[in-house]
1. Is it the case that segment 358-373 has a residue that's of a type in the set (Val, Ile, Thr) and touching a Cys at 6+ places or on another chain (Cβ under 9 Å)?
2. Return yes or no: is GLN214 at pLDDT below 95 and in a loop (DSSP other than H, G, I, E, B)?
3. Pick out the one residue from SER157, SER167 that is of a type in the set (S, T, N, Q), assigned by the TED database to the domain that holds ALA82, open to solvent by 30 Å² or more (accessible area, probe 1.4 Å) and more than 20 Å from GLY291 (Cα to Cα).
4. Taking the conditions exactly as written (away from the ligand (no atom under 12 Å from the Cβ) and either within 22 Å of LEU221 (Cβ to Cβ) or open to solvent by less than 20 Å² (accessible area, probe 1.4 Å) (or both)), does SER95 satisfy them or not?
5. Of the conditions (1) outside the structural domain of MET165 (by the TED database); (2) of a type in the set (S, T, N, Q); (3) open to solvent by 10 Å² or more (accessible area, probe 1.4 Å), THR211 clears all except one; give me its number.
6. Of these, VAL420, VAL413, which one is away from the ligand (no atom under 16 Å from the Cβ) and open to solvent by less than 40 Å² (accessible area, probe 1.4 Å)?
7. Anything in segment 1-46 that is farther than 30 Å from VAL383 by Cα and among the β-branched types (Val, Ile, Thr)? List them, or say none.
8. All but one of (1) in a strand (DSSP E or B); (2) surrounded by 19 or more Cβ atoms within 10 Å (Cβ to Cβ); (3) of a type in the set (D, E, K, R) hold for ARG194, so report the exception by its number.
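The values are calculated or read from the model by the stated rules, or taken from the named source; none is laboratory data. Since the model is a prediction, treat every value here as computed from it, not as a measurement. We place every Cβ from the backbone using ideal geometry, glycine too, and count neighbours over all the protein chains shown. Quick note on the areas: whole protein, heavy atoms, side chains included, nothing else; ligands and nucleic acids left out. Shrake-Rupley method; radii C 1.70, N 1.55, O 1.52, S 1.80 Å.
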Amino acid sequence: MKYKLTPSTTFTGTHKVAPDKSISHRSIMFGSLANGVTRVTNFLEGEDALSTLQAFRDMGVQIERDGDKVTIYGVGMNGLKAPQRELDMGNSGTSMRLLSGILSAQSFDSTMTGDPSLSKRPMERVAKPLRQMGAVVATTGDKGTPPMTITGGQTLSAIHYEMPMASAQVKSCLLLAGLWAKGETVVIEPEITRDHTERMLTAFGYDVKVTPLQNGNEIRLMGGGTLTACDIEVPADISSSAFFMVAGAIASNGDVVLPKVGINPTRTGVIDILRLMGADITLENQTLVGGEPVADICVKSSKLHGIEIPLHLVPLAIDEFPVIFIASACATGKTILRGAEELRVKESDRIQVMADGLKTLGIDCTVLDDGIEIVGKGESEFVFGGGEIECHHDHRIAMSFAVASLRASDEIVINGTETVATSFPNFAKLVKEAGLNLEVVE
Ligand code: S3P
């Protein structure tokens, strides 16, 4: 599938962007392990979250879905059943890494596979500490990639683990394994990472202790407890909103309102970075929904300027950099990102793949080991030329370059856009309503 975009200059309206992916995954996992019935509203009907849902169905959990409404009949901490087949995690690193923690504690064996993108991603970052807890976990090849095979029937002991990288997936994996481990699991993050696992465990009645350290947090929980079902309303995903925020800011006629977006402070780096670049972003109707802060995000056309992205904001905006790079190209002056080596092990190597695409569209940028320098062309009406982009099974690359058409002089063709359905199934429809000239070619 491809997107063909001819230039447009308008990006306006009120748009309900896709529900939060991280929270949708966790709602299925915790709901399945809880005692009682969990009702989820505004569940993300994207392939990634549906991979998690299918995996729990494959392990015997009754889950009913009616569009974005999901009812999960929890089986309790010891109620999962051996799957009859390999668990297919599709494109979803979150599913595989978080599930590895759960599967390590089960009485049965399991194997998880993934698509070509997921099959290249590092799994030893979870396998190693899980082995330290007593799990028997095998990854594949010398790079430690999927498939992952987990031998059940082990007794896990708690771990005290200082994570070598800022990863919410590793943290969550170990906290999940820790639910079944003997003793108190302690995870220390080198920097703040998204805390949906901690919040949702608390919402399900599990005692989780979080102590702020100099940079990240220390998170503790005792094994052996239970989860109690609760209802979850999923907010709109700030990562999906980021495409609309940048589009609203770079369009010459930009003015968008994005209702009920999750603004959990561990996720709002993109707002801080865009504001530092001069974006006109306001938050309205701030409130709490199911333990998560939400707000309506309003963005208007803005004159952006290049910045050095503050290091502490990097993990708080980790999924939004592809589209922040588009904003940087539309700024005046240079933008410099460092400390973002994690971008190289996302759905694609997002530093290299974005640099290749930016260069194709005429942007001067320099790839660094842990980041990128982008020379903005914000003084021109047309920042990008036309060209053909490859998105390497990475949804966020596809959506980022679609946004670039708001400042392009010529047609942009994006190849391999089917993965947009992993996180934002109605992206094409919504951005067309907002003003992009986008044609989907099957
Ligand atoms: C996620 C954590 C992040 C993020 C991913 C979702 C999560 O990954 O990039 O899209 O839901 O825990 P890392 O933990 O690898 O940083």
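1. yes
2. Details: at pLDDT below 95: yes; in a loop (DSSP other than H, G, I, E, B): yes.
Judged against the criteria, GLN214 is a match.
3. On the way: SER167 fails: open to solvent by 30 Å² or more (accessible area, probe 1.4 Å).
Result: SER157 is the single residue among SER157, SER167 that is of a type in the set (S, T, N, Q), assigned by the TED database to the domain that holds ALA82, open to solvent by 30 Å² or more (accessible area, probe 1.4 Å) and more than 20 Å from GLY291 (Cα to Cα).
4. Answer is no for this residue.
5. So THR211 meets the others, but not (1).
6. None of the other options fit; the residue is VAL413.
7. The first filter runs over segment 1-46 and keeps only residues farther than 30 Å from VAL383 by Cα, leaving 19-46.
ILE23, ILE28, VAL37, THR38, VAL40, THR41, listed by residue number.
8. (1)
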